[in-house]
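Visitor: Please find one structure pasted underneath; my questions will follow.
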Amino acid sequence: MRIPGDFVLGAATAAYQIEGAARDDGRGPSIWDTFSHTPGRTWNGDTGDVAADHYHRLESDLDLMAELGLEAYRFSISWPRVQPGGSGGLNAPGVAFYSRLVDGLLARGIRPIATLYHWDLPQELEDAGGWPLRDTAERFAEYAARIVEPLGDRVAMWTTLNEPWCSAFLGYGSGSHAPGRTRGASALAAMHHLNLAHGLAVPEIRRAARNAPEVSATLNFHVARPFDEESGEAVRRIDALANRSFTDPLLRGDYPDDLILDTAGVTDWAFNRPGDAAKIAAPIDLLGVNYYSTVTVSEWDGRSPRTGNDGHKGAAGSPWPGSEHVEFHPQPGPATDMGWNIAPDALETLLLRLHAEHPETPLLVTENGAAFPDRVVDGRVPDRDRERYILDHVAATLRAREAGADVRGYMVWSLLDNFEWGYGYAKRFGVVRVDYETQERIVKDSGKRFADLIRTRDLPAEEGD
Ligand code: IFM
């Protein structure tokens, strides 16, 4: 397979997962600082205090990106680093860091793709009510306007939110993510205010940027498959709550009726005020697609023991308000170290579906990748599983593109091993290994193969199934 010249290949990261420097240069606390410092919340009590120390290793990490030949780098801006309390003026040293990052990328010919929110809400805003509070959406739009001003002459693409499903339903529903709250009604209110935050920020970004950037949002999609022929209703419910809860308001102009009905016992939807729908549907230039694996679902009979895993087993609350009776089934292997099944064909189907439903919206795979338990052997990391995973998913993306989906590129998750949220440092997603004792970086074999792919723009048929 030839990789078309305009198909962008790059890598992605997020601020809290790699930067460290949690108390440096005026950065304020975020909900993830508080959450990870709360006993029992993360594996081994791990925190992002130091992470991959990227804040202090910016220049050498930029050189690493250049060595891999990345065409684009998707990073997130830490809101509490640039606006510590979540309102008011900007923190100059924080802004200077991102300015150096953007300049460093441009100097190396790498396209900067900046995400404004990858889960690190300033703690002050959570203390005031967090995402279930409408005011947080207004604060986000103000933050967007302020931070785009100093960077908006150089950033090529802005993404408002990363995976708002996780912010809403894991943060306020299951409680497995910060801030760890567990109320279905709060999760749905958070969902709406995240959507509103996105819609309010889009015109602010366009106003403040001086280089006509592309504006986007990134969603994580649950590709739900039926367990048997009786399972269509379960698929519909999960699809409504996980996917259409965001795509419909953003791209179609309102929430799906079935979602409102499914959740009527949980909330009265009073948070959705007249006029919100039009604001949320502010036109965007592109939709970011994060994809890792599938789920297989059926209706639960309420009696038999639950066997499956929706990826959030053991959490105190439910990420599925109003649909707790859906059963998640064990998936056939192979699986990654997260226990997530490997199904590249589902990425192809997902991209084709999104294109069919929203043909006017170009797509970009903004995250895809795999955790595996790596080993260092004679100074090398022979991570054949990850290499296979990446190549198979690039191939699936290219197949979707050949079949007509307007997919503009693929960003591997992740550039570096990093803080995997509740899993701490137990799971390694990087194409570059990080030794957390020494902060030494080793480009894994998958990273070398990805660099090769970028250089040759050729994916031999036998490599990409
Ligand atoms: O590490 C995360 C990332 O922050 C958001 N998307 C999924 C990744 C793997 O779990």
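Visitor: Show me the three semi-axes of the equivalent ellipsoid for the stretch 258-327, from the C-alpha gyration tensor (sqrt of 5 times each eigenvalue), largest first, rounded to whole Å.
Guide: For the stretch 258-327, the ellipsoid semi-axes come out as 29, 20, 10 Å.
Visitor: Kirkwood hydrodynamic radius (Cα pairs, Å) of the stretch 363-465?
Guide: 14.4
Visitor: Please list log₁₀ I(q)/I(0) at q = 0.07 Å⁻¹ for the chain, using the Debye equation with identical point scatterers on the alpha-carbon positions.
Guide: The calculated log intensity ratios at q = 0.07 Å⁻¹ are -0.32.
Visitor: Here's another thing I want to ask about it. For the chain, with all protein chains present and a 1.4 Å probe, just round the carbon and sulfur fraction of the accessible area to a whole percent.
Guide: The nonpolar share, carbon plus sulfur, comes to 51 percent.
Visitor: A further question follows. Which value, in nm² and rounded to one decimal, describes the direction-averaged projected area of the C-alpha convex hull of the stretch 61-143?
Guide: Mean shadow area of the hull around the Cα atoms is 5.7 nm².
Visitor: Kindly identify the stretch 1-92 as rounded, prolate or oblate by the Cα gyration tensor criterion: order the square roots of the eigenvalues as a ≥ b ≥ c, call it rounded if a/c is under 1.5, otherwise compare a/b with b/c, prolate if a/b is larger, else oblate.
Guide: prolate
Visitor: So, one more: Residue-wise, which Karplus ³J(HN,Hα) couplings in Hz belong to the stretch 82-96, taking 6.51 cos²θ - 1.76 cosθ + 1.60, θ = phi - 60°, and x for glycine or proline?
Guide: Result, ordered by residue: 9, 8, x, x, x, 7, x, x, 8, 8, 3, x, x, 5, 4 Hz.
Visitor: Report the convex hull volume per residue for the stretch 332-390, counting only C-alpha atoms, in Å³.
Guide: Dividing the Cα hull volume of the stretch 332-390 by its residue count gives 95 Å³.
Visitor: Which ³J(HN,Hα) values in Hz, rounded to whole numbers, follow from the phi angles of the stretch 6-17 under the Karplus curve 6.51 cos²θ - 1.76 cosθ + 1.60, where θ = phi - 60° and Gly and Pro get x?
Guide: 9, 8, 8, 10, x, 9, 10, 8, 9, 3, 5, 7
Visitor: Still on this model: How large is the charge dipole for the chain, taken about the Cα centre, if only the Cβ atoms of Lys, Arg (+1) and Asp, Glu (-1) carry charge, to the nearest 20 debye?
Guide: Charge dipole, the chain, about its Cα centre: 660 debye, nearest 20.
Visitor: Be a star and scan the stretch 119-148 for residues whose amide nitrogen sits under 18 Å from the point 7 Å along the Cα-to-Cβ vector of residue 260.
Guide: Within reach of a label on residue 260, which here means backbone N under 18 Å from a point 7 Å along Cα→Cβ, the stretch 119-148 contributes nothing.
Visitor: Against the globular-protein guess of 2.2 N^0.38 Å, express the Cα radius of gyration of the stretch 146-214 as a ratio, rounded to two decimals.
Guide: Normalised Cα radius of gyration, the stretch 146-214: 1.34.
Visitor: Give me the percent of DSSP beta bridges within the stretch 314-465 that run antiparallel, rounded to the nearest 5.
Guide: Percent antiparallel among DSSP bridges in the stretch 314-465 is about 60.
Visitor: With a probe of 1.4 Å, find how much accessible area the chain has per residue, and write the answer as a whole number in Å².
Guide: It amounts to 35 Å² per residue over the chain.
Visitor: Per residue, what volume in Å³ does the convex hull of the Cα atoms of the stretch 367-410 enclose?
Guide: Taking only Cα atoms, the stretch 367-410 has a hull volume of 70 Å³ per residue.
Visitor: At 37 °C and 0.692 mPa s, what whole-number value in µm²/s does Stokes-Einstein give for the translational diffusion of the stretch 203-249, with Rh from the Kirkwood sum over Cα pairs?
Guide: 248
Visitor: Would you please give the FRET efficiency between residue 273 and residue 108, computed as 1/(1 + (r/R0)^6) with r the Cβ-Cβ distance and R0 = 45 Å, to the nearest 0.05?
Guide: Here the calculated transfer efficiency is 0.50.
Visitor: Any idea what the alpha-carbon Rg over 2.2 N^0.38 Å comes to for the stretch 89-201?
Guide: In units of the globular-protein estimate, the stretch 89-201 measures up at 1.14.
Visitor: For the stretch 211-219, take each phi angle, set θ = phi - 60°, evaluate the Karplus expression 6.51 cos²θ - 1.76 cosθ + 1.60, and give the result in whole Hz per residue in order, putting x for glycine and proline.
Guide: Values, residue by residue: 10, 6, x, 7, 10, 8, 9, 10, 10 Hz.
Visitor: Relative contact order of the chain: what whole-number percent is it, with Cα pairs under 8 angstrom and at least 6 residues apart?
Guide: 17 percent.
The values are calculated or read from the model by the stated rules, or taken from the named source; none is laboratory data. Please read these numbers as outputs of a predicted model, since none were measured by experiment. Reconstructed Cβ throughout: ideal geometry from the backbone, glycine too, with neighbour counts over all protein chains shown. Heads up: the accessible areas ignore ligands, DNA and RNA and are worked out on the full protein's heavy atoms, side chains in. Shrake-Rupley method; radii C 1.70, N 1.55, O 1.52, S 1.80 Å.
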